[in-house]
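Here is the structure we will look at, set down as structure tokens.
The values are calculated or read from the model by the stated rules, or taken from the named source; none is laboratory data. All values derive from a computational prediction rather than experimental measurement. Positions of Cβ are generated from backbone atoms using ideal geometry, with glycine treated the same way; all protein chains shown enter the neighbour counts.
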Amino acid sequence: MIYRFLSALICCAYAVALQAAPASGVGLQLLQLPDPTGPATMKAALFYPAAILTGTTAIGPLDISAQRDAQPQPGSHPLVLISHGNGGSMFSHHDTASALARQGFVVAALEHPGDNFRDSSAQGTDRVYAGRSVQLSALLDQLETLPQVAELIDLDRVGVFGFSAGAYTALVMAGAMPEFERLAGFCSRHPASVLCPGGGRITRSTPPIQPLLDSRISAAFVIAPIGSALFSPEALRQIPVPVYLYQSAADSQLPQAEHGEYVQKNLSTLKGHTELKQADHFVFIAPCSERLKAIAPAICNDAPGVDRQAIHQQLNRDVVAFFQARL
């Protein structure tokens, strides 16, 4: 009797351990979905836990730690949405996406139409300032309708990760309503800012696109966010979900007094904060292959003494730990 009881207990514990164990590999699917803000289609990369050990896939100048169309690990997994910065791509944070998928998350990284490395036609318009959140929310809607994807995700456990303009997008999704009229005042104080080539004017659609706050978001991880140019202190304090903030004191694109520090001071739900001392803005993009360094040195080269690989190893540990605790 005791032997049978212990055997059953051991088998049960082993089954639980297998169920809780992280995936041994990462799968990758490329999606094309309708764009709710215009006639274009949206591209997205879906990273997910794979049932088998996987390797590296070369896509253009990138080396992605994932295997195209690998067999997914069964189960209902928490979901993290990723929003890249202005002019970025669905692979701007592929190392973070792979790190999350390896630990049991499904990750959907959107390439924002009109605001990516291929197409910047929407910059300066409400398709960026309002439409990014609408696009990301629509991606979440559409994942629910794809049978092979819907069965892998737990829609009660959804987080969002964003960098730069993507961090702004994540804060909107998490509950902070932007105020576009703030941009003109910001640009009068900081005319040389990367946010101010149009002097603070935003071209509005007819009818205007409205930012979309999404109550399905349960946690947000934001890196180098846009701050006072678009958010009031009250808007940031109204975010109801936990937020983790990464920033760099040496950020030349979004100086911290008006951006990262401003967001940090006004978030009432800030659960963690990391500030780098020497790294510049683009250090938060995935470490570059030698092929990418040759064609995009501006986003790949860091200051002497800055180790992007080491920074991302810690960053990815923090991202995984935050979403494991919150989702």
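Just a few scattered comments:
- Residue within region 127-141 that is in contact (Cβ under 8 Å) with a residue 60 or more places away in the chain, within 17 Å of residue 35 (Cβ to Cβ) and either among the charged types (D, E, K, R) or not in a helix (DSSP H, G or I) (or both) present: yes
- Yes/no for residue 158 being over 16 Å from residue 218 (Cα atoms), β-branched (Val, Ile, Thr), touching a residue at least 24 places away in the same chain (Cβ under 8 Å) and surrounded by 15 or more Cβ atoms within 10 Å (Cβ to Cβ): no
- Test for residue 291: is it touching a residue at least 60 places away in the same chain (Cβ under 8 Å) and either under 25 Å from residue 80 (Cα atoms) or charged (D, E, K, R) (or both): yes
- When 185, 104, 166 are checked against the criterion of being part of a helix (DSSP H, G or I) and in contact with a His (Cβ under 7 Å, 6 or more places away or on another chain), 166 stands alone in meeting it.
- Here residue 169 does not qualify as polar (S, T, N, Q) and surrounded by fewer than 20 Cβ atoms within 10 Å (Cβ to Cβ).
- For the residues 213, 171, the requirement of being in contact with a strand residue (DSSP E or B) (Cβ under 9 Å, 6 or more places away or on another chain), under 27 Å from residue 158 (Cβ atoms) and in contact (Cβ under 8 Å) with a residue 40 or more places away in the chain singles out 171.
- Among (1) of a type in the set (Val, Ile, Thr); (2) in contact with an Asp or Glu (Cβ under 8 Å, 6 or more places away or on another chain); (3) under 19 Å from residue 259 (Cα atoms) - the single one residue 209 does not satisfy: (3)
- Hits in region 232-258 - residues which are surrounded by 18 or more Cβ atoms within 10 Å (Cβ to Cβ), closer than 14 Å to residue 165 by Cα and of a type in the set (S, T, N, Q): 247
- Flag if residue 318 is assigned to a helix (DSSP H, G or I) and among the charged types (D, E, K, R): yes
- Residue match in region 119-133 (condition: in contact with a His (Cβ under 7 Å, 6 or more places away or on another chain), among the polar types (S, T, N, Q), closer than 30 Å to residue 242 by Cα and surrounded by 23 or more Cβ atoms within 10 Å (Cβ to Cβ)): no
- Criterion violated by residue 67 - all others in (1) at pLDDT below 90; (2) under 29 Å from residue 299 (Cα atoms); (3) not charged (D, E, K, R) satisfied: (1)
- Pairing each residue of region 303-327 that is at positive phi and small (Gly, Ala, Ser) with any residue that is in a loop (DSSP other than H, G, I, E, B) and modelled with pLDDT under 95, provided the two are 6+ apart or on different chains, yields C-beta distances under 7 Å for 305/278.
- Of all the residues in region 63-88, those that are buried (at least 18 other Cβ atoms within 10 Å of the Cβ), under 21 Å from the mean Cα position of the chain (by Cα) and within 20 Å of residue 31 (Cβ to Cβ) number 13.
- Residue pairs meeting the criteria (Cβ under 6 Å; at least 6 apart or on separate chains; first closer than 19 Å to residue 212 by Cα, in region 179-192; second surrounded by fewer than 16 Cβ atoms within 10 Å (Cβ to Cβ)): 179/232
- Residues in region 251-280 that are under 19 Å from residue 85 (Cβ atoms) and part of a loop (DSSP other than H, G, I, E, B): 8 in all.
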